[in-house]
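Undergrad: For reference, the structure I am asking about is given below.
Bear in mind these aren't lab numbers, they're just calculated from the coordinates by the rules spelled out. As the structure is a computational prediction, the values presented were derived from the model and not from experiment. Note that each Cβ is placed from the backbone with ideal geometry, even for glycine, and that neighbours are counted across all protein chains shown.
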Amino acid sequence: MKHSMDYTIQFAQLLLSIPSPSGFTENAIQLVKKESTLLGFESEITKKGNLIITVPGQTNHVLGLSGHVDTLGAMVKSIKSTGDIKFTTIGGPIWPTLDGEYCTVQTRDGRRYTGTFLSESPSSHVYKTASSLERTPDTMYVRIDEVVKSKTDTEKLGIRPGDFIFFDPKTIVTESGFIKSRFLDDKISVAILMGLLQRIQQEKIVPISTLKIIISTYEEVGHGASFIPHVDELIAVDMGCIGEDLSCTEEMVSICCKDSSGPYDFHVTSKLVALATKHNLSFATDIYPFYGSDVSAALRGGNDLRGGLIGPGVQASHGMERTHILAVYNTMELLLAYITS
């Protein structure tokens, strides 16, 4: 089991190092596809860019397991007369956490320039509002690390509206087992799915159901798994929420019973709870009022399926996120129990 955890964490670190905001996910998808091929599984990339990995099962019943490789991000909105960049958001980052964070701007022809997110009052020695100014895209900008004095100077670098801006994930794995990084939502879950595939391959496991591992690419903007192959059940493997009025911790696997899209399937959720109890896993059941998943998108897209949602507990979601290797372990063990029961 230690080997499987090592593999999962190492793959997570590699995946986290590849920028993949919604709309710019091809490199991350290619990494997952290459790895799944090395593990011996067939896969295909849909027109939308989602990756579908197939694992033959003992029956024709089809179980989907989804994780999303797309993350939060930003795009160049306009260029100021000073040469600094105004931006528009992709997804819903907590903007105060990005004040002072490093980033990279990528042009359409592949050039990359480093920079920093700053507020319009970036110095306490100059601005009375340095501490009090609300941090939003309207009051922030990107300072690029090039000698620019005008809009024309920045345009000469090839930067234009619509270019992607990547946040530095700042990934760290501590000796105490914590995994700290932006975009654990949902790259840690994609890594868990890859770890599950590695165990299936190494331990020669044949799942009860045929598996469709769906790695989606537009979850953060709401339509990641809205169109998917036929599945009878779909379990979204996404981050578990931690905070006020919630039971989950960073060491647990979360089983979500209801989110903003409504209740998850009674039978799927009950089976998850029963298996977590049977296998003595550390878990919590919770309600997420400000949350939606790939199952939500799939149901809204008209798919006829039973849906569930689980994932490792992640603290400070959409900010500087953190989870623990025990949450990774508990999530993988619950998935393994589900596909073999």
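Undergrad: Of LYS47/LYS271; LYS33/LYS170; LYS48/LYS180; LYS33/LYS156; LYS77/LYS180; LYS48/LYS156, which sit over 27 Å apart, Cα to Cα?
TA: Table pairs above 27 Å Cα-Cα are LYS47/LYS271; LYS48/LYS180; LYS33/LYS156; LYS77/LYS180; LYS48/LYS156.
Undergrad: Looking at the chain, send over the antiparallel percent of its DSSP beta bridges, to the nearest 5.
TA: Among the beta bridges of the chain, antiparallel pairing accounts for roughly 65 percent.
Undergrad: Calculate the translational D of the chain in whole µm² s⁻¹ from Stokes-Einstein, where the hydrodynamic radius comes from the Kirkwood formula applied to all Cα pairs, the temperature is 20 °C and the viscosity 1.002 mPa s.
TA: 104 µm²/s
Undergrad: Tilt of helix 26-38 relative to the longest C-alpha principal axis of the chain, in degrees (0 to 90, nearest 10)?
TA: 30 degrees
Undergrad: What nm distance separates the two modelled labels at THR107 and SER341, each placed 7 Å from Cα along Cα→Cβ?
TA: 5.5 nm
Undergrad: Compute the helix-to-body angle for 266-278: its Cα long axis versus the longest principal axis of the chain, expressed 0 to 90° and rounded to tens.
TA: 80 degrees
Undergrad: Does anyone have the angle between helix 325-339 and the longest principal axis of the chain? Alpha-carbon axes, 0 to 90°, nearest 10?
TA: So the inclination is approximately 40 degrees.
Undergrad: Nothing charged except the Cβ atoms of Lys and Arg (+1) and of Asp and Glu (-1): what's the magnitude of the dipole of the chain about its Cα centre? Round to the nearest 20 debye.
TA: My answer is approximately 640 debye.
Undergrad: Right, here's the next one. For the ranges 163-172, 246-255, 128-137, what's the packing order if you count other beta-carbon atoms within 10 Å of each residue, average per peptide, and put the highest first?
TA: 246-255, 163-172, 128-137
Undergrad: Turning to a different aspect of this structure: Mind checking the full-extension length gain between LYS149 and SER81? Use 0.36 nm per residue of separation minus the Cα-Cα distance, one decimal, nm.
TA: 23.7 nm
Undergrad: Tell me which of VAL55, PRO169, TYR141 sits at the most positive position along the dipole axis of the range 46-186, charges placed on C-beta atoms (Lys, Arg +1; Asp, Glu -1).
TA: So the residue furthest toward the plus end is TYR141.
Undergrad: Based on the Cβ-Cβ distance of THR285 and VAL206, what FRET efficiency does E = 1/(1 + (r/R0)^6) give at R0 = 41 Å, to the nearest 0.05?
TA: E between THR285 and VAL206, to the nearest 0.05, is 0.90.
Undergrad: Hey, how much of the P(r) for the range 196-256 falls beyond 18 Å, as a percent of Cα pairs?
TA: 57 percent
Undergrad: Ok, one more. Between ARG300 and GLN58, how many nm apart are label points set 7 Å from Cα along the C-beta direction?
TA: My value for the distance between the label points is 3.7 nm.
Undergrad: Would you calculate a helix-derived [θ] at 222 nm for the chain, using -39,500 (n - 2.57) for each DSSP H run of n ≥ 4 and dividing by the full residue count, to the nearest 500?
TA: -8000 deg cm²/dmol
Undergrad: With the Cα gyration tensor of the range 73-167 giving a ≥ b ≥ c as the square roots of its eigenvalues, does the rule (a/c under 1.5 for rounded; else a/b larger than b/c for prolate; else oblate) give rounded, prolate or oblate?
TA: oblate
Undergrad: OK, next. If amide hydrogens are placed 1.01 Å from N in the peptide plane, which non-local residues have theirs closer than 5 Å to the one on ARG306?
TA: GLU233, LEU234
Undergrad: While we're here: If you put +1 on each Lys and Arg Cβ and -1 on each Asp and Glu Cβ, how big is the dipole of the range 97-218 around its Cα centre, in Debye rounded to 20?
TA: Dipole of the range 97-218, to the nearest 20 debye: 300 debye.
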